[in-house]
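**Q** Here's a structure for you.
Read-outs: derived from the displayed coordinates by stated rules, not from any lab. Quick caveat: nothing in here was measured; it's all calculated off a predicted structure. Using ideal geometry, Cβ is built from the backbone for each residue, glycine included, and neighbour counts are taken over all protein chains shown.
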């Protein structure tokens, strides 16, 4: 590591992020030179490259105390999901505990993929695997390690993915899927627009619970994966929707 790269790393750790054009002016070099420095730092596990700069690399991710280890239900749903992911495809994994369970399974299987995500825990779970990870830049939520907001939406708008995998905070078998955060709802809607296919993975207990904002109606969904504790009335109503319903046995 040369002197400029060391100072760049110090500025990154001190400020929480760096921008290529700002650092280029500061060091008196081109933005491409700073981009090469950022990639050097990323290769050595010290930074995560973004479209306009970099953020620090999470070295260790410790789950918040209110987030338990993957439950049997989450693991079963995630296992079923992996059967629908083709090697070499580009997958968007949205934030959530069930999508995080899927990321942990993907990491263990180490299948070549490109994963786009706004979740720092998901990016951390895929660290040091053969999976290429693209972490969306944006504003860090105050309640979780996820990136949202206009910057994240603008970044995502430039991408196209084969498959979007979303969780939810609430679900209604006639109305669709809900989240408790307006910024997340906006990002989820945009994610569906840039995706060829959309899968929602959720525990059956979420059905019958509505959160603050609806982010997807059934017309935007291709597949739902849930568990066999789904109530008979919800299963019947979902079967009437124009979606594939996969119910995982426990």
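**Q** Go through 195-201, 9-15 and give me the packing order, highest mean Cβ count within 10 Å leading.
**A** 195-201, 9-15
**Q** So how far apart, in nm, are the two label points at residue 143 and residue 219 if each is 7 Å from Cα heading toward Cβ?
**A** So the label points at residue 143 and residue 219 sit 2.8 nm apart.
**Q** Report, to the nearest 10°, how far helix 97-109 tilts away from the longest principal axis of the Cα atoms in the chain, using its own Cα long axis and a range of 0 to 90°.
**A** Between helix and principal axis, roughly 70 degrees.
**Q** If you take the square roots of the eigenvalues of the alpha-carbon gyration tensor of region 3-56 and sort them as a ≥ b ≥ c, do you get rounded (a/c under 1.5), prolate (a/b over b/c) or oblate?
**A** rounded
**Q** Please work out the Cα center distance from region 81-109 to region 1-51, rounded to the nearest Å.
**A** About 30 Å separates the Cα centre of region 81-109 from the one of region 1-51.
**Q** Which order do 135, 46, 93 fall in if you start with the one that has the fewest other Cβ atoms within 10 Å?
**A** 46, 135, 93
**Q** May I ask you to derive the FRET efficiency for residue 196 and residue 174 from their Cβ-Cβ distance with R0 = 30 Å, giving the value to the nearest 0.05?
**A** So, using R0 = 30 Å, E works out to roughly 0.70.
**Q** Let me ask something else. So how far apart, in nm, are the two label points at residue 4 and residue 51 if each is 7 Å from Cα heading toward Cβ?
**A** Placing both labels 7 Å beyond Cα along the Cβ direction yields 2.5 nm.
**Q** Per 0.36 nm of contour for each residue apart, how much would the distance between residue 36 and residue 86 grow if the chain were fully extended, relative to their Cα-Cα spacing?
**A** Between residue 36 and residue 86, full extension yields an extra 14.8 nm.
**Q** Efficiency by 1/(1 + (r/R0)^6): what FRET value for residue 26 and residue 151, r their Cβ-Cβ distance, R0 = 25 Å, to the nearest 0.05?
**A** Plugging the Cβ-Cβ distance into 1/(1 + (r/R0)^6) gives 0.75.
**Q** Calculate, in nm to one decimal, what residue 182 and residue 162 gain on full extension: separation in residues at 0.36 nm each, minus their alpha carbon distance.
**A** 4.7 nm
**Q** Another question about this same structure. How long is the gain from residue 244 to residue 13 if the chain were fully straight, where each residue apart is worth 0.36 nm and the alpha carbon distance is subtracted?
**A** Computed gain between residue 244 and residue 13 is 78.6 nm.
**Q** Evaluate the distance, in nm, between pseudo-label points positioned 7 Å from the Cα of residue 43 and of residue 229 along their respective Cα→Cβ axes.
**A** Between residue 43 and residue 229, the simple spin-label model gives 4.8 nm.
**Q** Let me ask you something else. Helix 182-193: angle to the longest alpha-carbon principal axis of the chain, degrees 0 to 90, nearest 10?
**A** It is inclined by approximately 80 degrees.
**Q** Hey, in the GNM for the chain with a 10 angstrom Cα cutoff, which one of 114, 142, 226 fluctuates hardest?
**A** Sorting by GNM fluctuation, first place goes to 142.
**Q** Another question, then. I need the calculated FRET efficiency for the pair residue 189 and residue 110, taking r as the beta carbon distance and R₀ as 30 Å, to the nearest 0.05.
**A** 0.40
**Q** Tilt of helix 3-15 relative to the longest C-alpha principal axis of the chain, in degrees (0 to 90, nearest 10)?
**A** The answer is roughly 50 degrees.
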